[in-house]
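**Q** Structure below; questions to follow.
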Amino acid sequence: MFELDGKVALVTGGYSHLGRSLARGLAEAGATVIVGGRNERKFREVFETDEIMFEKLDIASTESIRKAFGRVSKKHGRIDILVNNAVYFDGNSPEKMNDQEWSAGVDGTLGSVFRCLREVIPYMKKTGSGSIINISSMYGMVSPDFRIYDDCPQFLNPPHYGAAKAGVIQLTKYYAVFLAKYSIRVNCLTPGPFPSKNVQKNKTFIKELAGKNPLGRIGRPDELKGPVVFLASNASSYVTGQNIVVDGGWTIW
């Protein structure tokens with residue numbers, strides 16, 4: 001039910017903090033996994049010993065996305081699973097963010113998902129099935145608790161990121177309905193507090209995050225493997241348009 005043997009999965013930004021667990025989870029379930037990204041050096045550093053492949057892909061460019069998907073399809077014959085994980089944004093001040101930072105952040109978080117989703121449709125329609133998994137964020141569902149950032153303003157989640165991630169959840173619902181007639185499922189996976197290793201060096205901030213969470217701790221990236229495999233596999237064959245929240249309970253209070 002959870003096996004992905006014979007499936008081809010493409011994960012954008014798969015060498016990032018959370019992306020690497022998403023990619024490895026799919027590979028461990030049997031999928032052929034291709035990581036799409038701009039930096040092959042970073043990819044090699046992360047997946048040096050893994051049987052995971054790299055494809056040059058810039059989510060800011062429709063042309064780059066289109067060409068990358070074409071190469072993957074030509075080489076592997078199909079694209080069964082797309083995980084829209086990559087983002088780009090700049091700026092984090094709610095008061096001093098300029099128009100350019102706002103626009104770039106919305107495009108890099110929401111526009112990029114739209115471009116990748118749109119460009120994969122022909123390949124999934126060709127095979128008559130597919131699973132698209134968009135990665136959102138707890139801050140696409142709730143506002144940050146600004147009190148936990150008082151002593152660590154550098155970690156504050158920016159306004160364009162949360163607004164765009166909320167858009168990702170709605171985009172998921174829209175395309176889930178639109179693509180249902182082609183047996184293409186579209187779902188959303190929403191992580192909660194999974195701070196990077198660099199952020200985890202700040203023990204005071206991590207204590208604040210953990211204290212805000214019902215389970216009393218931050219998330220481990222490997223805890224996303226199960227949910228992404230579920231959404232990619234036949235185990236979720238009757239699930240579409242849903243937002244699976246993996247946040248230790250953060251958004252329930």
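**Q** Would you mention how many residues in the stretch 124-158 are in a helix (DSSP H, G or I) and not small (Gly, Ala, Ser)?
**A** 13
**Q** Report yes if some residue within the stretch 134-142 is under 23 Å from Glu208 (Cβ atoms), touching a residue at least 24 places away in the same chain (Cβ under 8 Å), of a type in the set (S, T, N, Q) and surrounded by fewer than 19 Cβ atoms within 10 Å (Cβ to Cβ); otherwise report no.
**A** no
**Q** Return the pair list, or none, for Cβ contacts closer than 6 Å from residues in the stretch 149-170 that are closer than 14 Å to Leu209 by Cα to residues that are buried (at least 20 other Cβ atoms within 10 Å of the Cβ), at least 6 apart or on different chains.
**A** Once the first residue is closer than 14 Å to Leu209 by Cα and sits in the stretch 149-170, its partners that are buried (at least 20 other Cβ atoms within 10 Å of the Cβ) give Asn157/Tyr139.
**Q** Restricting the stretch 67-112 to residues that are assigned to a loop (DSSP other than H, G, I, E, B) and polar (S, T, N, Q), which is nearest to Gly130 (Cα to Cα)?
**A** Asn85
**Q** Which one of these does Pro193 not meet: (1) within 28 Å of Arg78 (Cβ to Cβ); (2) buried (at least 16 other Cβ atoms within 10 Å of the Cβ)?
**A** Failing condition for Pro193: (1).
**Q** Something else about it: Can you give me the number of residues within the stretch 216-253 that are surrounded by fewer than 20 Cβ atoms within 10 Å (Cβ to Cβ), assigned to a helix (DSSP H, G or I) and among the hydroxyl-bearing types (Ser, Thr, Tyr)?
**A** So the answer is 1.
**Q** For the stretch 51-93, how many residues meet the condition of being under 15 Å from Leu10 (Cα atoms) and at pLDDT below 95?
**A** 1
**Q** What's the number of the only condition in (1) at pLDDT below 95; (2) within 19 Å of the chain's Cα centre (by Cα) that Pro153 fails to meet?
**A** (2)
**Q** Kindly list the number of the only condition in (1) closer than 30 Å to Arg71 by Cα; (2) part of a helix (DSSP H, G or I); (3) not aromatic (Phe, Trp, Tyr) that fails for Gly162.
**A** The single condition Gly162 does not satisfy is (1).
**Q** Any idea which residue in the stretch 238-248 is farthest from Ser129 (Cα to Cα), counting only those that are touching a residue at least 12 places away in the same chain (Cβ under 8 Å) and not polar (S, T, N, Q)?
**A** The qualifying residue farthest from Ser129 (Cα to Cα) is Gly248.
**Q** Right, next: Please indicate, with yes or no, whether at least one residue in the stretch 191-214 is part of a helix (DSSP H, G or I) and under 30 Å from Pro122 (Cα atoms).
**A** No, every residue in the stretch 191-214 fails to be part of a helix (DSSP H, G or I) and under 30 Å from Pro122 (Cα atoms).
**Q** Regarding the stretch 224-237, can at least one residue be identified that is small (Gly, Ala, Ser), in contact with a Pro (Cβ under 8 Å, 6 or more places away or on another chain) and more than 17 Å from Gly130 (Cβ to Cβ)?
**A** Looking through the stretch 224-237, none of the residues is small (Gly, Ala, Ser), in contact with a Pro (Cβ under 8 Å, 6 or more places away or on another chain) and more than 17 Å from Gly130 (Cβ to Cβ).
The values are calculated or read from the model by the stated rules, or taken from the named source; none is laboratory data. Just so you know, these numbers come straight off a predicted model, no measurement behind them. Note that each Cβ is placed from the backbone with ideal geometry, even for glycine, and that neighbours are counted across all protein chains shown.
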